[in-house]
Structure formats: C-alpha cells, structure tokens
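**Q** The structure under discussion is supplied below as structure tokens; questions concerning it will follow.
The values are calculated or read from the model by the stated rules, or taken from the named source; none is laboratory data. In this text, all values refer to a predicted model and were calculated from it rather than measured experimentally. Note: ideal-geometry Cβ built from the backbone for every residue, glycine included; neighbour counts use all protein chains shown. Just the protein is used for accessible areas: all its heavy atoms, side chains included, with ligands, DNA and RNA removed. Shrake-Rupley method; radii C 1.70, N 1.55, O 1.52, S 1.80 Å.
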Amino acid sequence: MMLAWSFAARLIDEVARLLRCMGKHRYLVETDHRIHFTVDRALRDLPAFKTHAEAFDKLLAQAPDLDPRSRDPRLHRSATVEDVIGALTAFWAPGDEAIGRREGLVGIFQELDLPIAEHDPFQSDAESPPFPELILLDWVLLPIDQLDPERHAGVLSALEGSTDEVHPSEPIFQEGPAFSIVELCDGAPMGILDDDLFIWSDGPYEYADYVFRGVSKAAKLPEPPEGLRDLDAE
C-alpha cells in the first residue's frame, strides 16, 4: 500500500527544486516521467513542446488505430524533469500567456470530447486517478538488499527496529500527484498552490521518510515533509 507525504512546496520554484532533487539522490534507480500529447499541443507556442506536438501529429497520421480519447500508452511521451517543470511553469505562471495556454488546453479537450474532471485540485481519488492523466511522475528506489552499508548507511540506520513488513529484494516505487486538466488549469492560482504537494511511496515507512526528508532539505523547502506518522503524533 502506498502512503503519502506532504511537501512544503507551493511556489513554482519550490516545486521545481523538489522535482529536480527527487531525480538525483543516491537511492534512486530509475526515473520515469511522461507527458500527454494534449499538453504538447496546448504548449506548442513554446519550441520545446512544438517539436513533440509535431511528432505526435505525424504518429497520429501514420497510425489510424491510435484513438486520442483512449488509454493507449502511445498518447504519452517520455519526458525529462525539465520538460515537466517547463509544462507546469507554462500553465501555472501568472499572466495572460498562461491563461491562454490553459484555455487552449480546455479547447483541445472539448474538440476531442475528452472528459474534464470535476474534483478540486489535487483532491482526486488516489485509488481511481482521473482520466486522462496529463503528467505522470514515477521514481524507483533501490531494494533494501542492494543498499551499500557505507553509501546508504542513513537509510539502513533508519530501518533498524522497523516493524513494517519488508521485502528486501523488491524496489521501492514512488509516485507524484495525479495531474489532470484540473491541476494544470486550477492547481496554482497566480502561481501558488493552495496546499502542500503530495508524493506517494510504498515499501518500509522509514525508508521513504528518510529519503523524502533528505530530498526536502536538498530542495531547500521551508519545512520538512510530513508523513502519516507525523500526523498521528500530532
């Protein structure tokens, strides 16, 4: 079961620092970020996204079986963390340009008859994410049995005395929040999130908590992250 930690990242710059640090700590094995084609289309006024929008248009012309309203994995492309930060900034920044991009995204959804979710920003059901998800953030961390006693001494120390069920050979999976059209259009009024950003993790609680606290510190966030046990202590 995945548990959520809240991060004190409400400004665009804070979110950007958090995402960058999530992708470069010593426990990381793999990062997998993906962007839906509608994001590239809505941001095609920006060179970095125009190239991907044009590539998708070519793919669509060459693949008549590809339904833009489906869950086909080809509707998402692999993205770097800078792609993700660029997209969030483009939609969340204050000003007329960002408003135009958000309106453009809504127009694309209406043109394609894609469903527009109605939940409050970042309040969708974690067990049933909104469709379509427009930005996917996933990280994979080292299994416990691959941790080095010296290089990863911090987590190993944190795990001492843990009562959580442990599967030493299984990697640790972590996920960002669900980004639907709601989050991109309404998630950061005037460039500021209404609430802290959540990141989810499976595996032993102490493992994720240790890594998340290190990431938060590296990102220079104003407060450490809070997990379920922090809330229980209150």
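**Q** If L197 meets every condition in (1) touching a helix residue (DSSP H, G or I) at 6+ places or on another chain (Cβ under 8 Å); (2) in contact (Cβ under 8 Å) with a residue 40 or more places away in the chain; (3) open to solvent by 50 Å² or more (accessible area, probe 1.4 Å) apart from one, which number is that one?
**A** Among (1) touching a helix residue (DSSP H, G or I) at 6+ places or on another chain (Cβ under 8 Å); (2) in contact (Cβ under 8 Å) with a residue 40 or more places away in the chain; (3) open to solvent by 50 Å² or more (accessible area, probe 1.4 Å), L197 violates only (3).
**Q** Among the residues in segment 7-15, are any touching a residue at least 12 places away in the same chain (Cβ under 8 Å), among the charged types (D, E, K, R) and surrounded by fewer than 16 Cβ atoms within 10 Å (Cβ to Cβ)? Break it down stepwise before answering.
**A** In the first step, residues of segment 7-15 are kept if they are touching a residue at least 12 places away in the same chain (Cβ under 8 Å); the result is 7-12, 14-15.
Those still in the list that are among the charged types (D, E, K, R) too: 10, 14.
With surrounded by fewer than 16 Cβ atoms within 10 Å (Cβ to Cβ) added as a condition, the list becomes none.
Looking through segment 7-15, none of the residues is touching a residue at least 12 places away in the same chain (Cβ under 8 Å), among the charged types (D, E, K, R) and surrounded by fewer than 16 Cβ atoms within 10 Å (Cβ to Cβ).
**Q** A61 - would you say it is more than 30 Å from R151 (Cβ to Cβ), among the hydrophobic types (A, V, I, L, M, F, W, C), out of contact with any Gly (no Cβ under 6 Å at 6 or more places or on another chain) and surrounded by 16 or more Cβ atoms within 10 Å (Cβ to Cβ)?
**A** no
**Q** Find all pairs meeting these conditions: Cβ atoms under 7 angstrom apart; at least six residues apart or on different chains; first residue within segment 149-168 and on the phi < 0 side of the Ramachandran plot; second residue modelled with pLDDT of 90 or more and loosely packed, with under 13 Cβ neighbours inside 10 Å.
**A** L156/P149; P168/D145
**Q** So which of A126, A208 is among the small types (G, A, S), touching a strand residue (DSSP E or B) at 6+ places or on another chain (Cβ under 9 Å) and open to solvent by 50 Å² or more (accessible area, probe 1.4 Å)?
**A** A126
**Q** Now for a different question. Let me confirm something: among T51, T31, which residue is open to solvent by 50 Å² or more (accessible area, probe 1.4 Å) and out of contact with any strand residue (DSSP E or B) (no Cβ under 6 Å at 6 or more places or on another chain)?
**A** T51
**Q** Moving on. Given the condition surrounded by 13 or more Cβ atoms within 10 Å (Cβ to Cβ) and modelled with pLDDT under 95, answer yes or no: does some residue in segment 94-113 qualify?
**A** There is at least one residue in segment 94-113 that is surrounded by 13 or more Cβ atoms within 10 Å (Cβ to Cβ) and modelled with pLDDT under 95.
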